[in-house]
Structures are given as C-alpha cells and as structure tokens.
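The block underneath contains the structure these notes are about, expressed in structure tokens.
Read-outs throughout are calculated quantities, based only on the coordinates presented, and are distinct from any laboratory measurement. Treat the numbers as computed from the prediction; the structure is a model and nothing was measured. Note that each Cβ is placed from the backbone with ideal geometry, even for glycine, and that neighbours are counted across all protein chains shown.
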Amino acid sequence: PQEAPAGGGVFSRLFGKRGQATEMRRALDDDMLEQLEELLITADMGVETALRVTANMAEGRMGRRLSTREIKELLATEIARIMEPVAKPLPLYPSKPQVVLVVGVNGSGKTTTIGKLASQFRAAGKSVVIAAGDTFRAAAVEQLQVWGERAGVPVLTAPEGSDPASLAFDALGKAQSDGADLLMIDTAGRLQNRADLMAELEKIVRVIRKKDPDAPHNTLLVLDATTGQNALNQVETFQKLADVSGLVMTKLDGTAKGGVLVALADRFGLPIHAIGVGEQIDDLAPFDPEEFAAALTG
Ligand code: GDP
C-alpha cells in the first residue's frame, strides 16, 4: 500500500501534525489557495497542475469557511479525479505471445520492474519469456538473469555488444514456439546518444513485426519518481523515441513526493499500469488513485 511521503503529506505541513485541529475552520481565500499551491508544487506536482487542482477545488467555494478536513477532502477528490482515468493495469490480450517492450533511462528500474511483472504474471498462471535486450551492459544482463531465476522465467541473452534486434527476433521466435503468453523485452537506456537509441528501438520494432505485425502490443516506459519533475522530460523524450503506451512509476516507497504522477496524468494522460514500492519481487502495486490522493494530501 502507498504511504504518505516522508515528512508527511501536504496538509501536515500546512496545518501541523496529522489529526491536529481537523475541525478548525479557515476561510478559503487567495492566501489559503496560494499556500496550497505552494505545497502542491513542493510535492513535485509542477506549477501548471498545482494551479489547475487548486482552481478546481476552489470553484464556487471562495470565501467559504471550511474545516481542515473538508479542504483536505476537496483537494484529494480533485487529485483522484485527475488520476482515475489513467489508473489501468497492463491490458492483457488474447494474442499469444503478447510482446511488451520496456523502455526507460538506465537506473529507472526497468530490470527490477520486468522481474516483478514476470513474477506477477507467473503467479497468474501465465508463461513468460524475457529478452535481455540491453546487450551493451553486461551488468544489466546479469541482473535480469537473477530476476528471471527469482521469478522462474527464462531469460534469453546474447553476447555482449551484439544486435538487440536480432536477440528480440530470436526471443519472439522462442516465445512463439514455446506457446508463451508473454514476451518482455528489456532495452538500452543510454540517452547520451538519442539518435543511436532511436535507431536501436526502431530496429527492434521493425524486426519483431516480421514475426508478428501487431508487436509490440505494449511499450512500457519506466520512470523513477525520485527524479521529480524530470520525469515529464523523460516522457517527452521517449515519446519521440518509441510509441509509449503506458507508464510504470518506480521508487514511490522512498522520499519521492509522488506529485509528479499528477502532473504526468494531467499533461500526457498515459495509463499508469503499476507503481514500484520497494526493491523486492512483490513490491509492485496496482495504481490506486484514491489511496494515492489520500497519501499525497495526508
Ligand atoms: P535499470 O537500469 O532501469 O534496469 O534499473 P534497475 O532495475 O537496475 O534499478 C535501479 C535501482 O533502483 C536498483 O538498485 C533497484 O533495486 C532500485 N529500484 C527499482 N525499483 C525500485 C522501487 O520501486 N523502489 C526502490 N526503493 N528501489 C527500486
């Protein structure tokens, strides 16, 4: 379950410790709105989204005297309203194997998320194959093999420096002949050379489409919540590099304030398929808008 970020949610900072003076009434005026905006911005929500949220909550209520509890509930309701349309688990298709391309910068949690997802699908009775497509990072391949063992899922690898597209092609062939339900393809996350990375991702897609014209069925972008507002730039960048179909936000268990998820939903409207809440195999949770809004405002 999601918990309030370290240091408390927005409200404990505005009104003191949780539970204190929750029935105390204050006028919903410009000063109050400004304080709320500031706190939402501090929680990584970004200026634009913070302004929209406070404007929506204040609509028709300016000047009213509201209790802390009421203000908190209004704010949480506004946030949940933005988040509800994007809270969608990874869709499962009847086509076999479903091909999931996983993209994101190095360190965002791609390997870990693939391991966690593989474990969840295995638990749901699905057979899974993983392709270690970041063939330039030996450590990434090894790490993925460790996760594959934990999840009880085969991990296909290729020699260091070899063509990721040809590995992806072979992996899809194996997944097809094994009758696997799902193929997850890890990819490189070197943003230093975007042209290279784009060419690499395009080639993977082009090559796997020779075996299945509908592949990849999903392109998951993995984002690290601790990068804050930078996650917005990463979405923009990866949308240019690949046909991103959904997001996984990792490291929401740490000091990340999580408000960036609201900004992402507000700006891009991409589905949030899951959130990472720790380093262990079971630490991947479905995204729950109400729980999230309550934790953020708590
Ligand atoms: P990759 O380079 O994108 O494949 O990233 P990794 O999967 O190797 O993850 C980078 C680091 O982030 C590792 O130390 C992971 O244990 C850690 N990590 C990944 N997801 C989470 C998460 O949800 N919570 C926490 N606390 N750590 C995570």
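Data for the structure
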quantity: Out-of-range pairs (alpha-carbon distance over 31 Å; input LYS96/LYS257; LYS88/LYS257; LYS210/LYS240); calculated: LYS96/LYS257
quantity: Principal-axis tilt of helix 47-58 within the chain, Cα atoms, nearest 10 degrees; calculated: 50
quantity: Relative pair counts by distance (%), Cα atoms of the range 144-227, 10 Å bins; calculated: 15, 46, 34, 6, 0
quantity: Over the range 19-77: Kirkwood hydrodynamic radius from C-alpha pairwise inverse distances, Å; calculated: 11.6
quantity: Calculated diffusion of the range 63-154, Stokes-Einstein form, Kirkwood radius summed over Cα pairs, 10 °C and 1.306 mPa s, µm²/s; calculated: 97
quantity: Between 0 and 90°, nearest 10: helix 230-241 axis offset from the chain longest Cα axis; calculated: 40
quantity: Helix axis angle, 110-123 relative to the chain longest principal axis, alpha carbon, degrees; calculated: 80
quantity: Structure-based [θ]222 nm, the chain - -39500 (n - 2.57) summed over DSSP H runs of at least 4, per residue, nearest 500; calculated: -14500 deg cm²/dmol
quantity: Cα extents of the chain along the three principal axes, largest first (Å); calculated: 66, 37, 33
quantity: Translational diffusion of the range 250-298, µm² s⁻¹ [Kirkwood Rh, Cα pairs; Stokes-Einstein; 25 °C; 0.890 mPa s]; calculated: 215
quantity: Prolate/oblate/rounded call for the range 212-281, Cα gyration tensor, a/c under 1.5 rounded; calculated: oblate
quantity: Efficiency of FRET from Cβ geometry, GLU73 and TYR93, R₀ 30 Å, rounded to 0.05; calculated: 0.20
quantity: Using distinct alpha-carbon pairs, which all enter the 1/r mean, Kirkwood radius of the range 67-116 in Å; calculated: 14.6
quantity: Rh (Kirkwood; distinct C-alpha pairs) - the range 170-296, Å; calculated: 16.1
quantity: Sorted by Cβ neighbour density within 10 Å, fewest at the top, the residues VAL128, VAL153; calculated: VAL153, VAL128
